[in-house]
Amino acid sequence: MNLSVRSIARESIGWSIALSVLMILVGLFALIAPLAAGVAVTTVIGWLLLLSGATHVWFAWHVRSAGAVVWEALVALAYFFGGIYLLLHPLAGLVSLTLILSAYLLVKGIVELVGGFGLRGMPGGGWMLLDGVFSIVVALMIWAHLPSSAAWVPGTLVGIAILFSGFSRLLLSLAARRVVTALP
């Protein structure tokens, strides 16, 4: 079957638009039900940890030295323990993830402040300072309201990220469709 580049592009853009709409719907669902979205994220991370543990078992099987086997086996056990814990206790895992998110935002904010002070007087330096202050304030607000903030923070942030990704992908796909349609 000989398909033209234009027909392949048109079909790909159609799938991209469909995926974009799905992402927008998932993002909206996460914003409407942030606790469910947070538990879903925790569950996915739990399964990824189990997969990582299995990968380390595979590495342990294929390494040559006894020290490397022991190391890979210990790392695999840590991944398995973390994954199983998250799958069996998703709400506790959600609190842990929220705490890690708060710590990340705090460290990011401090780095942005240091960078912003280093760029003082240069174009954009003030925005870096503002970003640092904002990140630190958000980190402290999340941390101050733990564990209750765990019920909405991760799911809301994931929802916003998926929603914006869906919109940006949709707009890019629509622009690509206009280009393909304009081709001779």
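How much net charge surrounds residue 134 when only other residues with a Cβ under 13 Å from its Cβ are counted (Lys, Arg +1; Asp, Glu -1)? Display every interim value, and only then the final one.
Values: positive: 108; negative: 112, 131.
Net of charged neighbours comes to -1.
Per residue of the chain, what 222 nm ellipticity follows from adding -39500 (n - 2.57) for every DSSP H run with n ≥ 4, rounded to the nearest 500?
Numbers: 6 runs with 159 residues, N = 184.
Only helices count here, giving -31000 deg cm²/dmol.
Give the range of the longest stretch in the chain that excludes all trypsin sites (Lys or Arg not before Pro) found in loop regions by DSSP and having at most 11 other beta-carbon atoms within 10 Å. Intermediate values should be presented prior to the final figure.
Numbers: sites that count: 64, 120.
Here the longest run is 121-184.
Once you have a ≥ b ≥ c as the square roots of the Cα gyration tensor eigenvalues for region 10-58, tell me rounded if a/c is under 1.5, and otherwise prolate or oblate according to whether a/b is larger than b/c. Intermediate results must be reported in sequence, preceding the final value.
On the way: a/c = 7.86, a/b = 1.44, b/c = 5.45.
Judged from the Cα gyration tensor, region 10-58 comes out oblate (a/c at least 1.5, b/c at or above a/b).
Output the direction-averaged projected area (hull surface divided by four) of the convex hull of the alpha-carbon atoms of the chain, in nm².
Details: hull surface 71.0 nm².
Convex hull of Cα atoms, orientation-averaged projection: 17.8 nm².
Across region 119-132, in residue order, what do the Karplus-derived ³J(HN,Hα) couplings come to in whole Hz, using 6.51 cos²θ - 1.76 cosθ + 1.60 with θ = phi - 60° and x for Gly and Pro?
So the Karplus estimates, Gly and Pro as x, are 9, 3, x, 9, x, x, x, x, 5, 5, 4, 4, 4, x Hz.
Excluding ligands, DNA and RNA, what is the solvent-accessible area per residue of the chain at a probe of 1.4 Å, expressed in Å²? Present the calculation step by step, with values, prior to reporting the outcome.
Details: 12000 Å² over 184 residues.
Here the per-residue accessible area is 65 Å².
Through the Karplus equation 6.51 cos²θ - 1.76 cosθ + 1.60, θ set to phi - 60°, convert the phi angles of region 92-99 into ³J(HN,Hα) values in whole Hz; use x for Gly and Pro.
Working through the residues one at a time gives 5, x, 5, 5, 4, 4, 5, 5 Hz.
Average projected area of the Cα convex hull of region 103-184, in nm²? The partial results should precede the final answer.
Numbers: hull surface 31.5 nm².
Result: a mean projected hull area of 7.9 nm².
Does region 49-112 come out rounded, prolate or oblate by the C-alpha gyration tensor, with a ≥ b ≥ c the root eigenvalues, rounded set by a/c under 1.5 and, if not, prolate when a/b is larger than b/c and oblate if not?
Details: a/c = 4.06, a/b = 1.74, b/c = 2.33.
Taking the square roots of the gyration eigenvalues as a ≥ b ≥ c, region 49-112 is oblate.
List the residues, sorted by chain then number, that are 5 or more residues from residue 33 or on another chain and whose placed amide H is less than 5 Å from its amide H.
Residues meeting the amide H criterion: none.
Give me the percent of accessible area attributable to carbon and sulfur for region 37-184, probe 1.4 angstrom. Don't jump to the answer; show the numbers that get you there.
Numbers: 7560 of 9430 Å².
Taking all protein chains in place, region 37-184 shows 80 percent carbon and sulfur surface.
What list of ³J(HN,Hα) couplings, whole Hz, do you get for region 54-66 from phi and the Karplus terms 6.51, -1.76, 1.60, once you set θ to phi - 60° and write x for glycine and proline?
Running phi through 6.51 cos²θ - 1.76 cosθ + 1.60 with θ = phi - 60° gives 5, 5, 5, 4, 4, 4, 4, 5, 9, 7, 8, 9, 5 Hz.
The values are calculated or read from the model by the stated rules, or taken from the named source; none is laboratory data. As the structure is a prediction and not an experimental result, all values here were calculated from the model. All Cβ positions, glycine included, derive from the backbone under ideal geometry; neighbour counts span all protein chains shown. Please note that ligands, DNA and RNA were not included when accessible areas were found on the heavy atoms of the full protein model with its side chains. Shrake-Rupley method; radii C 1.70, N 1.55, O 1.52, S 1.80 Å.
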